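Notes to accompany the following structure.
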Amino acid sequence: MKKKGPLTPGRNLIWFSWKLVITFSLALCIFALIRLHSSSRTNLASASLSRRLRPPPGSFLGRPKIAFLFLTRRNLPLDFLWGSFFQNGDVANFSIYIHSAPGFVFDESTTRSHFFFGRQLENSIQVDWGKSSMIAAERLLLEAALEDTANQRFVLLSDSCVPLYNFSYIYSYLMASPRSFVDSFLDAKEGRYNPKMSPAITKGKWRKGSQWISLIRSHAEVIVDDDIIFPVFGLFCKRRPPVDASIGNMNIKLQKQHNCIPDEHYVQTLLALNELEGELERRTLTYTLWNQSTNNMENKGWHPITFNYAEAGPRQIEEIKGINHVYYETEFRTEWCRNNSTFVPCFLFARKFSQGAAMRLLSEGVASDFDA
């Protein structure tokens, strides 16, 4: 058997070069892992520090405030109505936060009410309907509002929402309840749950409901502190793209995707996963009238009906105020509207209202003083 001869200088140089490359690559991998681990620990430490700095539940002894959180496309078209609403309240009892398009500023040139001057978030993001950016914006609003320890109730509103009662009644209604108002129910007929969400999100805890929520402070903290469920939603809860005639048979593949609307599931599912459903009134405080016609569903899905001037009269508003229960067909459950064990009207707010409708509410005093 022949013995291998000594390596030539050229082969020796190649072998040495390969060893150098492999050693350098391993060093880079180790360095990257160390950086990643360090960054992760730093982020967790920062989050933990932020949580430790918050006062413990029940420790705030001052006058509690409601944080009104407006999620808007740009401006607030119904600012004149909300300005009148806040004018009749004590400024010590509320605070206002607005998530608008990045760079949009609320000042004398963009809003008719001084209550909204400078109330926009500086760290706002571009929001797209049906994407996780919607719940990211909600989390930003809650995070900003939590900085004020006096904020004890958090109400999420759209730019088309209107109040159905005066400030005093809404303040008393919210402060009387130790619970959050979160529309939350099971919907076995829906195919929105994606098995890939497991094990972080189990199907048994998957919930659906209205985006428009009212939270107590501890539940707002749960949402802001969540760094596990939100990323899963970003990956697996996405709106199915609409049918596009220009791509032909490709639609067949696209329409097999899970059609998931994040803002209709995130808060409800997160609170269920944290075993907090026993602390909820499982209903929303914001009335929405849905167009549920078959033709509309086939063409573009169910959408809220917009109230115009003609539909915003005293009779229509009194009908909304008179609603005292909500029936959940998928659970065969009737939710009788209670507040701290007392029967109450179900809704404090309503959407979607046009500017003309809001002007009628204001001129006819529909959303004025309410005799409880």
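A few points about this structure:
- Summarising the amide proton neighbourhood of I201: residues at separation of 5 or more, or on other chains, whose placed amide H is nearer than 5 Å comprise an empty set.
- Rg(Cα)/(2.2 N^0.38 Å) for the range 133-240, N = residue count: 1.20
- Linear extension gain, N274 paired with H325, 0.36 nm per residue minus alpha-carbon span: 15.7 nm
- When the alpha carbon coordinates of the range 177-237 are projected onto the principal axes, the ranges are 35, 27, 17 Å, largest first.
- Inter-label distance, nm, simple model (7 Å from Cα along the C-beta direction), S218/M175: 2.1 nm
- Charge context of I216, other residues only, Cβ under 9 angstrom, K/R +1, D/E -1: +2
- The range 348-354 - phi-based ³J(HN,Hα) in whole Hz, Karplus 6.51/-1.76/1.60, Gly and Pro as x: 9, 9, 8, 8, 9, 10, 7
- J(HN,Hα) series, the range 329-344, from Karplus relation 6.51 cos²θ - 1.76 cosθ + 1.60, nearest Hz, glycine and proline x: 4, 5, 10, 6, 10, 9, 9, 6, 6, 10, 9, 6, 6, 9, 5, 9
- Note on K189 and N308: the model spin-label points, each 7 Å out from Cα along the C-beta direction, lie 3.0 nm apart.
Coordinate-derived values only; no laboratory data. Nothing here was measured: the structure is a model prediction, and the numbers come from that model. Cβ: placed from backbone, ideal geometry, glycine included. Neighbour counts: every protein chain shown.
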